[in-house]
Amino acid sequence: MSLAVPLPVYVEGQIPQSPFDAVLTRICAATEKVYRDSYKITNYASIRRVLDNFVESQKAPTYTEAQKDASASEKDGIQEAQSAQAAQPSTSSNYTPVVPNILDNHIGPRPVSDERILETLKQRIVVELFNSIGREDIESITLLIQNNLVTANTCNTLNCTPLLAAIGSQNGGNLALVITLLDLGADPNQFGSPPFRPTPHPVTRNSVPYELRLRTPLMFSAHIGSLPIVKVLFEPPYNADDALVAPDGQIALRLAVDAGHRHIVEYLPSRRAGGWRRFKVHHALAIKRIKNAAKGIYYFSRFFLWEIPRFFLWSVPKHVVVLPIVKGAKWCWKNRGKFGRWCKEKIRAIPEKVKRGLKNAWVFGTKTMPKAVWKFGTKTLPQAVVNAAKWTWELLTKRIPEAIVDTSKWTWELLTKRIPKAIVDTSKWVWELLTKRIPRAMIIFFKWIWRGVTALGEAVWSVVLKFLSLLHTTFAAIISFLRSVTLKDVLAAFTTLLRSIFIDFPSMVWGWIQQFGEASYRMLKALFGSLGELVWFLGDGIVWTVTYLPKKVWVILKSLFGSLVKGLHEVWVWISPKA
């Protein structure tokens, strides 16, 4: 959708704008808004002046014979003057006059140069072109292209061509707009990035790279199923080439087949181009998935089978036991010369230490010990008896009564407050569990069951419908003697039935089973709150750890099988291009 840019208010007596002037006004207003929002500068007159000059420069010049002669004479005079100036000797040194910069002391936002304004205007012209395509404004598109402001092949920043944008408009493509662009010179065979359209298969990191998904207008119109646009592009006078191959190997016919547009498949001629390139792109994606899965298996196995055992069996013993012993042994060996002197000094000091010890023992036995015994008997023991008596009296008169009072208070508070409060809280929790949490969890559970029953019923009903369709097709073929309904139609109905039984039905059931994870998370959260979330995350982590390797192995097998099936499919496409 284009942004609505308000037009400037007209002054009194201003002449109403022409359609082209209205387009220029929208471009100038959008450019002014850019500078007003980004640089706080509003100068509509300067922007309009630059745009008018650019418009004039894009016009094809017209000369009369007299103007051509005057222009040639003027050009010769300029060349003679330049030659004479070059022949004169230089009378001064390399002198460059210093011109003061009047912007050095400029206050406020600096003015934007005309070159910058022109660059922004060119960008806004391209935006206006694609906005006009989105509005299906054929008049504005024609004016922009006819005045040489853009061409019919100008791409936007997303590498989308005007023709692709016109085909991919919200109304399914405007045929008149497409014809107008083609008449204005749009190339029907130009590759570009088609505009984004929601698809049932989301783009993921394992999808075809965006730079490879280039399309021509014919490819894109065949992909979206617009038969009128396909006919206009393919038939004279435009004659779009349906044999062109995109970087990812797609051609218009295969895009129509993949999208299920049988009317376009029947219209386009058979083509066998691009098969090997399509297989290479698909195989490259399969190899990428296999590499990612193998890398995940390698790092997962390395962590659990190598890193964890290595940490406990090698790193911990090494840094806790072995290295300290090695460092101690190295230090002892390095200081082995000091060890002998140390032993010699210690041996020499033994007699002195024995003499000092005997002296200390004599002093202890004759002086220190008698004093200690006398002090213990006359001071320490009586003081201990007095302190014990005081402590016993305090225990009997204060501490035991206080303990009895505190115990009585705690027991009274327990019986009158805490136990009743615990009973009330437990009752409230049980009531909330019975009236809110369990019903909420049961609702989640029954919703999950209902979704499963619904999916199962839809799958069974789809199988029944496909079976009835097969019976109808078979009977129609028998009744019409294979005139209106052929064996190919019967085979297609039988294939659809088999796909519904062996692919669609198991996919629906498996999708319902996969929803149990989210349902269990919501149930545990409804029952136990944060504790339930913690339990669920722990269980989910255990399940992820147990199923990680099988999932990666399945990805590898699935990618290999898919690559094989794609190769066989391309062989079948080469045999039957419209299959």
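Tally Lys/Arg at +1 and Asp/Glu at -1 over every other residue whose Cβ is under 13 Å from the Cβ of Leu534; what's the total? Before the final figure, lay out each step's value.
Values: positive: Lys525; negative: Glu533, Asp540.
Neighbourhood net charge equals -1.
Using only the alpha-carbon atoms of segment 247-301, report the extent along each of the three principal axes, biggest first, to the nearest angstrom.
Principal-axis extents of segment 247-301 (Cα, largest first): 54, 19, 12 Å.
Over segment 423-579, what is the relative contact order in percent, taking alpha-carbon pairs closer than 8 angstrom and at least six residues apart? Let's see the in-between values first.
Values: 79 pairs, mean separation 42.6, N = 157.
Value for segment 423-579: 27 percent.
For segment 350-528, take the alpha-carbon Rg, divide it by the Kirkwood Rh, and send me Rg/Rh. The partial results should precede the final answer.
On the way: Rg = 46.6 Å, Rh = 27.2 Å.
Expressed as Rg/Rh, it is 1.71.
Summing Lys, Arg as +1 and Asp, Glu as -1, what charge do residues with Cβ under 14 Å from the Cβ of Ile347 carry, Ile347 excluded?
Numbers: positive: Arg341, Lys344, Lys346, Arg348, Lys353; negative: Glu345, Glu352.
Here the count lands on +3.
What does the charge count around Val386 come to, taking other residues whose C-beta lies under 14 Å from its C-beta (Lys +1, Arg +1, Asp -1, Glu -1)? Walk me through the intermediate numbers first.
Working: positive: Lys379, Lys390; negative: Glu394.
Surrounding charge for Val386 is +1.
Which one of Phe304, Val321, Ala284 has its Cα pushed farthest toward the positive end of the charge dipole of segment 260-347, where Lys and Arg give +1 and Asp and Glu give -1 at the Cβ?
Farthest towards the positive end: Val321.
Relative contact order for segment 109-192: what is it in percent, counting Cα pairs under 8 Å that are at least 6 residues apart?
Details: 80 pairs, mean separation 23.4, N = 84.
Dividing the mean separation by the residue count of segment 109-192 yields 28 percent.
Which whole-number percent gives the relative contact order of segment 350-528, counting Cα pairs below 8 Å spaced six or more residues apart?
Values: 66 pairs, mean separation 49.1, N = 179.
This gives 27 percent for segment 350-528.
Please compute one quarter of the surface area of the Cα convex hull for segment 437-579 and express it in square nanometres. Intermediate values should be presented prior to the final figure.
On the way: hull surface 48.1 nm².
Orientation-averaged projected area of the Cα hull: 12.0 nm².
Can you tell which of Ile503, Trp450, Trp429 lies farthest toward the positive end of the dipole of segment 350-528, using +1 and -1 charges on the Cβ of basic and acidic side chains (Lys, Arg; Asp, Glu)?
Trp429
Name the lysines eligible as straight-distance cross-link partners of Lys330: C-alpha to C-alpha under 21 Å, and not fewer than 8 places from it in the same chain.
Partners within reach: Lys318, Lys338.
Treating cross-link reach as a plain straight distance, find the lysines whose alpha-carbon is under 26 Å from the alpha-carbon of Lys367, omitting any fewer than eight places away in the same chain.
List returned: Lys353, Lys355, Lys359, Lys375, Lys379.
Say a paramagnetic label sat at a point 7 Å from the Cα of Lys295, along Cα to Cβ; which residues of segment 541-567 have their backbone N under 17 Å from it?
552-553, 555-556, by backbone N distance to the label point.
Roughly how many Å is it from the Cα centre of segment 295-317 to that of segment 418-453, as a whole number?
44
Checking the table Lys295/Lys566; Lys280/Lys578; Lys447/Lys552 against a 28 Å threshold on Cα-Cα, which pairs fail? Walk me through the intermediate numbers first.
Numbers: Lys295/Lys566 24 Å; Lys280/Lys578 20 Å; Lys447/Lys552 31 Å.
Check vs 28 Å cut-off fails for Lys447/Lys552.
Here, each number is a calculation from the coordinates, and none is a lab measurement. This structure is a prediction, so every number in the text was calculated from the model and none was measured. Please note: Cβ atoms are built from the backbone with ideal geometry, for glycine as well, and neighbour counts cover all protein chains shown.
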